[in-house]
Amino acid sequence: MFLSINDFTQVIKNTPLVSLDLVITNSEGKALLGKRNNRPAKGFWFVPGGRIMKNEPLKAAFERLTKEELGQQMELQQAELIGPFDHFYDDCVFGESPSTHYVAIAYKLKILGDLTNLPVEQHNSYKWFEIDELLSSAEVHEHTKWYFKGA
């Protein structure tokens with residue numbers, strides 16, 4: 001369910017958004033990040049993911065988001081729960097205000113094959129990062145680094 005810009009702005013202003021973040025690693029232990037096209041976190045390398053919609057079960061959201069963000073649908077049981085994280089931003093998808101609060105539920109997925117149909121709506125390019133490289137890069141958003149700090 002998509003809301004009008006005015007209605008969604010009111011939601012952003014008054015409530016947290018719930019999202020799924022997809023922490024994708026390959027057989028070499030590298031992590032897939034995309035360069036964000038949109039606010040918040042525009043211009044930073046970030047894990048794929050997206051919002052859970054109203055009345056959308058977690059399993060369905062996971063399947064939809066893996067299809068939309070990775071180009072192939074995956075099942076929730078393939079993933080390992082990392083946990084929930086608070087993400088606070090000074091801006092929002094529509095501009096510099098209001099601020100945005102996400103409760104991001106992070107799941108780790110190990111990909112054994114290639115991801116060949118990566119969409120460019122949310123990210124304009126993708127890169128496989130060594131964990132040490134992403135942790136030390138100023139271009140990788142801090143919220144993404146949180147998922148790898150214990151690695």
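The values are calculated or read from the model by the stated rules, or taken from the named source; none is laboratory data. The shown structure was predicted, so the numbers you read here are calculated from the model rather than taken from an experiment. Note that we place each Cβ from the backbone using ideal geometry, even for glycine, and neighbour counts take in every protein chain shown. With ligands, DNA and RNA removed, areas are computed over all heavy atoms of the protein, side chains included. Shrake-Rupley method; radii C 1.70, N 1.55, O 1.52, S 1.80 Å.
Things to note:
- Counting the residues of the range 119-141 that are open to solvent by 60 Å² or more (accessible area, probe 1.4 Å) and either part of a helix (DSSP H, G or I) or of a type in the set (Ser, Thr, Tyr) (or both) gives 3.
- Contact map, the range 124-151: residues that are in contact (Cβ under 8 Å) with a residue 24 or more places away in the chain paired with residues that are surrounded by 18 or more Cβ atoms within 10 Å (Cβ to Cβ) and of a type in the set (Val, Ile, Thr), Cβ distance under 6 Å, separation 6+ or inter-chain. Pairs shown: Leu134/Val140; Thr144/Val47; Tyr147/Val23.
- Among the candidates Thr116, Thr100, Thr144, residue that is open to solvent by less than 40 Å² (accessible area, probe 1.4 Å) and more than 14 Å from the chain's Cα centre (by Cα): Thr100
- Qualifying positions in the range 27-66 - in contact with a Leu (Cβ under 8 Å, 6 or more places away or on another chain), surrounded by fewer than 16 Cβ atoms within 10 Å (Cβ to Cβ) and polar (S, T, N, Q): Ser27
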